[in-house]
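The values are calculated or read from the model by the stated rules, or taken from the named source; none is laboratory data. Source: prediction; values computed, not measured. Using ideal geometry, Cβ is built from the backbone for each residue, glycine included, and neighbour counts are taken over all protein chains shown.
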Amino acid sequence: MVPIDLRSDTVTQPTPAMRQAMAGAEVGDDVYGEDPTVKKLERQVAALLGKERALFVPSGTMANQIALMLHTRRGDEVVIGEGTHCAEYESGAAAALSGVQLAVAGTGGLFDVPELDAKIRPSAYWLPRTSLLVVENTHNRGGGRVFPLDQLRAVTAHARARGLAVHLDGARLWNAAAASGVRLDEFAATADTVSICFSKGLGAPVGSALVGPSDLLEHALRLRRMLGGSMRQCGVLAAAALFAIDHHRARLTDDHEHAQLLARGLCNVRGARVDPRGVETNIVNIELDGPSAERVIARAKELGVLIGSIAPRFLRAVTHLDVSRDAATRAAAALAAAITDCHAT
Ligand code: TLP
């Protein structure tokens, strides 16, 4: 039997209709600026986010790292929320590529104005220059939490007033918008640049965009080249992203409901701690009282569910296009059994 894969929303298979859209895509060499499907995607994403220009890039990591390179100089400091992707999961690229150091504000991924303010250095030549704020929405390690628009407006306005640029890692901004009813462009207006992924909840196989003002994006084009991210006839990939925006956006709330099903199915299981009220989108973090995540992952696999961990005693389950309501219900039962089995032995 095919396992139910909750390790990430990146694991989705392109649907037959998406594959058809990819196969039929009109393409050209995008290094010459001649791929019409990429151009269409870039125009559409820039318009959705209310920014001047978008650049199609192979990954969310590259979008974030180009943004860091755009907004900082070597030796600068970047303020981020706790557990932010560009600090935790990008192989030290912020240090290696931009030569910046990171200062963590708040706990759990979100932070308020005083927590941000405490991390902005005064201006003095012997101190690092605080040049950038990075916010993540939804916050991945924070359990898919939405950075509420009011709070986001307050912290980013404060950052700007103190001379910082703002980058929004919106890998799952689609989910934040679907869960909160806030438009993408309203979230995007709080930042100078935004990265957004097609390969997460939207279900495209590859690709992200970096979005922002034309002058910055012109330089981003050069940086993408420098990082080896220029692609040739990548309209086949852009076609998948366009298909996903048209056909998979509206169903993101299903993923959020399925995450609720999981959370509710696990909240009374001995040995597991989950608060369904804290599950706002498609990510469920499960704290384990007794057994290690490693053991539960192994047992869950035997019971037909793949799940990941974010810490030795924290599991992470992510719902997506390939997890139906029925699969979410079955996965909740299998995970409950796996945790109970590991707790008992
Ligand atoms: N996140 C992946 C892993 O890398 C952890 C996942 O499975 O959730 N920003 C955020 C908030 C992300 O969650 C991710 C991917 C990225 C950026 C990077 O995207 P890719 O994988 O396209 O480089």
TODO: Considering only region 181-193, state which residues are over 16 Å from residue 65 (Cα atoms), part of a loop (DSSP other than H, G, I, E, B) and not charged (D, E, K, R).
DONE: 181, 182, 189, 190
Task: Subset of region 98-119 (residues that are more than 26 Å from residue 283 (Cα to Cα) and touching an Asp or Glu at 6+ places or on another chain (Cβ under 9 Å)) - done: 98, 99, 100, 101, 119
- [ ] Quickly run through region 297-322 and pick out the residues that are farther than 17 Å from residue 143 by Cβ and among the hydrophobic types (A, V, I, L, M, F, W, C).
- [x] 297, 298, 300, 303, 305, 306, 321
- [ ] Residues being more than 16 Å from the ligand (Cβ to nearest atom) and not in a helix (DSSP H, G or I): count how many of those fall in region 137-157.
- [x] 1
TODO: Hey, could you check region 1-13 for residues that are touching a strand residue (DSSP E or B) at 6+ places or on another chain (Cβ under 6 Å) and in a loop (DSSP other than H, G, I, E, B) and say which is farthest from the ligand (Cβ to nearest atom)?
DONE: 3
- [ ] Could you run through region 194-216 and say how many residues are in a strand (DSSP E or B) and either basic (Lys, Arg) or out of contact with any Leu (no Cβ under 6 Å at 6 or more places or on another chain) (or both)?
- [x] 4
- [ ] Would you be able to say whether some residue in region 200-213 is within 22 Å of residue 163 (Cα to Cα), more than 16 Å from the ligand (Cβ to nearest atom) and free of Cβ contacts under 8 Å to residues at least 12 places away in the same chain?
- [x] no
- [ ] Might you check whether a residue that is crowded, with 17+ Cβ neighbours inside 10 Å and within 16 Å of the ligand (Cβ to nearest atom) occurs anywhere in region 14-30?
- [x] yes
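The rows are residues; the columns are (1) within 13 Å of the chain's Cα centre (by Cα); (2) of a type in the set (S, T, N, Q); (3) at pLDDT 95 or above.
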{"residue": "151", "(1), (2), (3)": "no, yes, yes"}
{"residue": "160", "(1), (2), (3)": "no, no, yes"}
{"residue": "176", "(1), (2), (3)": "yes, no, yes"}
{"residue": "182", "(1), (2), (3)": "no, no, yes"}
{"residue": "190", "(1), (2), (3)": "no, yes, yes"}
{"residue": "193", "(1), (2), (3)": "no, yes, yes"}
{"residue": "197", "(1), (2), (3)": "yes, no, yes"}
Open item on the list: With the condition being buried (at least 22 other Cβ atoms within 10 Å of the Cβ), I'd like the strands (runs of 3 or more DSSP E) fully within region 233-319 carrying at least 1 qualifying residues.
Closed with: 283-288, 314-318
TODO: Kindly indicate whether residue 296 is within 16 Å of the ligand (Cβ to nearest atom) and either in the same structural domain as residue 171 (by TED's automatic domain parsing) or touching a residue at least 24 places away in the same chain (Cβ under 8 Å) (or both).
DONE: no
Open item on the list: Quick check on region 78-96: of everything there that is of a type in the set (A, V, I, L, M, F, W, C) and within 14 Å of the ligand (Cβ to nearest atom), which residue is farthest from residue 168 (Cα to Cα)?
Closed with: 93
Open item on the list: Name the residue that is surrounded by the fewest Cβ atoms within 10 Å (Cβ to Cβ), counting only residues in region 67-93 that are acidic (Asp, Glu) and under 18 Å from the mean Cα position of the chain (by Cα).
Closed with: 88
Task: Failed item in (1) touching a Leu at 6+ places or on another chain (Cβ under 6 Å); (2) within 10 Å of the ligand (Cβ to nearest atom); (3) hydroxyl-bearing (Ser, Thr, Tyr), with residue 72 passing the rest - done: (2)
- [ ] Looking only at region 214-225, decide whether some residue is within 14 Å of the ligand (Cβ to nearest atom) and among the small types (Gly, Ala, Ser).
- [x] no
Open item on the list: Looking at the structure I just gave you, is residue 113 away from the ligand (no atom under 16 Å from the Cβ) and of a type in the set (Val, Ile, Thr)?
Closed with: yes
Open item on the list: Out of the residues in region 94-109 meeting the condition of being exposed (fewer than 15 other Cβ atoms within 10 Å of the Cβ) and in contact (Cβ under 8 Å) with a residue 12 or more places away in the chain, tell me which one is nearest to residue 137 (Cα to Cα).
Closed with: 108
TODO: Kindly check whether there is at least one residue in region 158-171 that is small (Gly, Ala, Ser), assigned to a helix (DSSP H, G or I) and either more than 21 Å from residue 199 (Cα to Cα) or within 16 Å of the ligand (Cβ to nearest atom) (or both).
DONE: yes
Task: residue 179 vs. criteria more than 26 Å from residue 10 (Cβ to Cβ) and touching a helix residue (DSSP H, G or I) at 6+ places or on another chain (Cβ under 7 Å) - done: no
